[in-house]
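The values are calculated or read from the model by the stated rules, or taken from the named source; none is laboratory data. Given the structure is predicted, the values throughout are model-derived calculations rather than measurements. In this analysis, Cβ positions are derived from the backbone assuming ideal geometry, glycine residues included, and neighbour counts consider all displayed protein chains. With ligands, DNA and RNA removed, areas are computed over all heavy atoms of the protein, side chains included. Shrake-Rupley method; radii C 1.70, N 1.55, O 1.52, S 1.80 Å.
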Amino acid sequence: GTKTVPLMSGSAGAAGGAAGQVRLEPGAALAVPVLRGDLDMCVFGTVTEVIGNKLLGFGHSFTGQGRTNVPIATGMVHTVIASQARSFKLGATIAVAGALVGDEETGVLGVFGQEAPSIPITVTVHEPNHKTQTYRYFSAVHDLYTPLMTGTALTASATAHQSVPREHTIRYKVAVDYGRLGTYRTENISSQSGLSPARGDLVTPITMLLDNPFGRAAPKRVEAELWIEPRARAATIERVELLRQRLKPGETIEVRVWWQLFRNGRTVETYTLKLPPDIREGSYTLWVCSWQTHLRELRREKPHLFQPRSLREQLEVFNRAASVRMDRLYLRLVGPQGGLSVDGVEFPDLPSFRRQIIQDSTRTDVRPYIQALVVAHKTPYVVSGERKLKITIDKRADQ
């Protein structure tokens, strides 16, 4: 069957008085504006029939989801782009006239005068030329189109005046307000990766919370801010070296890191991790790594932190992952210490007999976890790479 595709549309204001005369009647253009504001994107079709305060249209589905609630508007079609693969109309929306409430394979059902919800989106861009621009949009509330249009708003705002510089660093902040459920927030930095990190950090939680096993939550408001710098700030871990491999409890691990800077040569820095005075003796693994390795290892060590059981916990998981910064060097000391998580609550250092009793129980929410000692060092770079070393903790290390 025919599929609908959202297309960029313009304003119909240039049409003069004729635009105000356009009505949704059989044969007229039927627009579904999925994004409105400083950029308009809509899906165009045709009105089939008007019956009282309702209309039938398209002759095919919008997305085929059955019940829906998105805006419908009058529109003007400027031309049809013919194609053997998929023809489409180019046009512009004029005025919102009601809501699309039914979406089936044979057509769509709209109601005049009914107001569909929308999500306000604000994107502020600090451009490479030091100018600041703020863009405002309204997205339809829809499982498919809300994430897509939110990402489109971010990308369109960031590239409204020029594309992202070839060498670039992008700092960004995102806040997605879910009302009583809470707010998703992240503040991070990327370099030489385009807009993908910022867009992913914005769109992924919106997508997941709109459609997951625990329910459905649509954003109440979306805000994003980007700072685009025409300079690369990326570095890769090239080599690491331990100043001492055997240490006593309470001493400080010192690691020398050789950095390969993006198009800017090499540099060497030393980073530290202080051992607790009561740390157990034994053999440990020391990760010297980027945010990606840190998040991967954290998920492996403490899976209970990433296994939500409700919408609220799903939001907490996203916020936990979003708090991991890309411009940090993570030192992660992993040893035999650990515990059990019961119903998401951690119980470290349980006596062996209690641990065995809990593990032998019939509860399915009991999971072992590993406790790592982690220090995040702020760097001037977006970090990539990882190295793994061995450390020995021994009270007689200096003997």
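Ordered by 1.4 Å accessible area with all protein chains kept, 323, 139 run largest first as 323, 139. Peptide packing for 274-280, 206-212, 329-335 was compared via the average number of neighbouring C-beta atoms within 10 Å per residue; ordered from the highest value, the list is 329-335, 206-212, 274-280.
The residues 62, 318, 262, sorted by heavy-atom accessible surface at 1.4 Å with ligands and nucleic acids left out, run 262, 318, 62 from largest to smallest. Net charge of the neighbourhood of residue 231, taken over other residues with C-beta under 13 Å away and scored Lys/Arg +1, Asp/Glu -1, is +2.
Residue separation times 0.36 nm, minus the C-alpha to C-alpha distance between residue 252 and residue 48: what's the value? Don't jump to the answer; show the numbers that get you there.
Numbers: separation 204, 0.36 × 204 = 73.44 nm, distance 7.55 nm.
This chain segment gains 65.9 nm when fully extended.
Length available on full extension from residue 166 to residue 216: 0.36 nm per residue minus the Cα-Cα distance, which gives 14.1 nm. Over segment 32-183, what is the relative contact order in whole percent, taking alpha-carbon pairs under 8 Å and six or more residues apart? Once divided by the residue count of segment 32-183, the mean separation gives 21 percent. The stretch between residue 319 and residue 245, if pulled fully straight at 0.36 nm per residue, gains 23.1 nm over its current Cα-Cα span.
Ranked from largest to smallest solvent-accessible area, with a 1.4 Å probe on the protein heavy atoms, 256, 246, 185 come out as 185, 246, 256. Sparse packing (at most 16 other Cβ atoms within 10 Å of the Cβ) combined with a DSSP loop state is found for the following GluC sites (Glu not before Pro) in segment 137-223: 167.
The residues neighbouring residue 47, those whose beta-carbon lies less than 10 Å from its own, together hold a net charge of -1 under the Lys/Arg +1, Asp/Glu -1 convention. Local charge for residue 316 was computed over the other residues whose Cβ lies under 14 Å away, with Lys and Arg +1 and Asp and Glu -1, and equals +4. In the assembled protein chains, residue 386 presents an accessible area of approximately 60 Å² (probe radius 1.4 Å).
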